[in-house]
1. Is the range 251-354 best put as rounded, prolate or oblate by its Cα gyration tensor, with a ≥ b ≥ c the root eigenvalues, rounded for a/c under 1.5, and otherwise prolate when a/b is larger than b/c, oblate when not?
2. Once the dipole of the chain is set up with Lys and Arg at +1 and Asp and Glu at -1 on Cβ about the Cα centre, which of SER197, GLY302, GLY86 lies farthest towards its positive end?
3. Restricting to the chain, what percent of DSSP beta bridges are antiparallel, rounded to 5?
4. For a 31 Å ceiling on Cα separation, which of these pairs sit above it: LYS110/LYS333; LYS291/LYS333; LYS443/LYS467; LYS358/LYS442; LYS303/LYS358?
5. Size of the dipole of the chain about the Cα centre, Lys and Arg at +1 and Asp and Glu at -1 on the beta carbon, nothing else charged, in debye to 20?
6. Could you name the aspartates and glutamates in cross-link range of LYS398, using Cα to Cα under 16 Å and dropping any fewer than eight places away on the same chain?
7. Rounded to the nearest 500, what is the chain's calculated 222 nm mean residue ellipticity when only DSSP H runs of at least 4 contribute -39500 (n - 2.57) each, over all residues?
8. Show me, for the range 42-51, the HN-Hα J-couplings you get by feeding each phi into the Karplus relation (A = 6.51, B = -1.76, C = 1.60, θ = phi - 60°), rounded to Hz, glycine and proline as x.
Amino acid sequence: MTERKDDRLWGGRFERAPNEGFDAFQRSFAFDRRLLPYEIAVDRAWARALEPIGIFTATEVKQTLAALDKISGRARTDTGWLEKFGAEAEDVHHFVEKTLVEELGPLGWKLHTGRSRNELVATDFRLFVIDAVAEVQRGLEALLSAFLQQAKANIGVPMAGMTHMQHAQPILLSHFLLAHAEAFTRDITRLQHAAASADACPMGSGALAGNSFAIDRNALARELGFSRITANSLDAVGDRDFALDYLFALSGIATHLSRLAEDFVIFASQEFSYVILPDEYSTGSSLMPQKKNPDAWELMRGKTGRITGALLGLLTTLKGLPTSYQRDLQEDKEALFTAHDQLADMLAVAAGAVASTKFNADRLKTTASNPALLATEAADYLVHKGIPFRQAHDIVGKVLREAEEQHVSWTALPIDTLKKISPAFEADFAKSLSVEAALAAKKVPGGTAPENVRAAIADLEGRLNKKATKTGAKP
Ligand code: ARG
C-alpha cells in the first residue's frame, strides 16, 4: 500500500490546499458528529458485508470491528481526543476514517471500498430520524397521560365551550382536555409515517450509480434494522423526504402545543381565571411583585416558529436541486437537530405543566351556568315539540328579547309569558334548561355527554396502556 501524503478523503487530484476560510465553511463535523453512533453502526455492517465479496479477510473484519468499538468508546469518554481529531475532520465520515487509520494503519483505508459519503450520510440521517421519532413519541405519550389524569380528575366540571372566543354551549372540562389529547394522538400517526418513510436503507447506492462489488444490500439493511432497501440509487442519495416528513410531524406537534399554550395563557389571565398556573412552570416579574406569568406556555408558543421554520428551510433548500446528491444537502441536518431538541424539551415541559395545573372548578362552573348558553337547548326543546328548527331559533330569539326588555334572565320568564310567544312551551320546559340536561343531551359518540366523555377517557387509557405494553416488551 502506498503512503498517502494527504489525509483528506479526496485530496489526490488537487495541487493546492483549500482556502482556509472555505475549508472552515465546508466542514460539518461540528454538527454531524451527532451522527457518530449511526456512522459506526453502518461501518460495522459494511465491514461485515465486505467479507463475503472478498475485500476483507475474516481477520481484517475482526480488526476493523474491534477498532470501531474502540473509536466509539473513546468518542464517548475521551473528549480531548474527540476534539483533537474532530478539529482536523471534515465531517463525521472523515473522522471515522482518520481514527480508523490511526488505529489500524493502511487497513483503515479499506473500509471505504465501494461506498460513498453520499449514501453514508443518507443512511446515518435516516437512522437518526427513526430514533428521534421514538423519542418524540415517548414525549407525546407522557403528555397524553397528563391529559388523561386531568380529564379523570375533573370529570364533573362543566365549562363554557366557546367558538369565535364567544361563550357558546356548556361542555365538560374533560371534553376540552380530551380535544387536545385527540390532536396529539394524530401526531403519533404522523410521526409513524415519518419513521416509515425513513425506514429504507440506501447503502449500496454508491455515490449515485450503485455498487460494483455485488454487495448484499438486503443483508446490510437487515443488519442495520431497516425493513427495506431504497429502490433507486440516484434517488436514494438525494432523497430527503424522510427529513421533510419528520419536520412536518414536528411542525404539527409544535402547532398543537402552540394552540394548547394559547388556551392556557388565556385561561390564566385574570379575566378568565380558569386555571391556577403551577409555580414550578411559571415565572415572576422583576418589577411587579404580584405577577405570575405563563412563560412556559409562551415559550412553547414562541418556539413553534423555529420548528415550522426548519420545515420551510429544508423545503427551500430542496426546491431547486438537480437529481442525485448535491452538497446543498449538508444543510439538512442542523435545523432538524435543533427542531428535534426543542420539541423534545417542549413536550417535557408541556407534560409537566399540564399535570400540575389546577383548574378553578367554581369559576368554570359559574361560566357554564350562564343562562345564555342554554338558548340552543330551548330551540332544541321546541324542535322536540314539532317546530321546524329555523322557526324555533326565531322563537327563542323573541324570548331573549322579551327578557331583555323586562330586565330579567330569560330562564326566569313565567310559562304564561313564554306561551304568549309560542304555545309549544309547556310545563316541562323548565327542567330541560339546566347545564346537566344540556350536557346529558349531547350523547352522540364524540359528544360532551358525561357518559361519552367517560368512554373517551377509557378509550385513551386503553390506547396508552397498549402502547406502554408494546414499548415494555422491547428488549
Ligand atoms: N458532509 C456531507 C453532507 O452532510 C457528507 C457527504 C459529502 N459528500 C460529498 N460528495 N462531498 O452531506
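1. It is prolate, given that a/c is not under 1.5 and a/b is the larger ratio.
2. SER197
3. Close to 90 percent.
4. Details: LYS110/LYS333 28 Å; LYS291/LYS333 40 Å; LYS443/LYS467 28 Å; LYS358/LYS442 26 Å; LYS303/LYS358 25 Å.
Long pairs (Cα-Cα over 31 Å): LYS291/LYS333.
5. 760 debye
6. In chain and number order, the partners are GLU377, ASP380, ASP416.
7. Values: 20 runs with 299 residues, N = 475.
Calculated at 222 nm, the ellipticity per residue is -20500 deg cm²/dmol.
8. 5, 4, 4, 5, 5, 4, 5, 5, 7, 6
Each value in this text was obtained by applying a stated rule to the coordinates, not by laboratory testing. Everything numeric in this text was worked out from a predicted model, so none of it was measured. Note: ideal-geometry Cβ built from the backbone for every residue, glycine included; neighbour counts use all protein chains shown.
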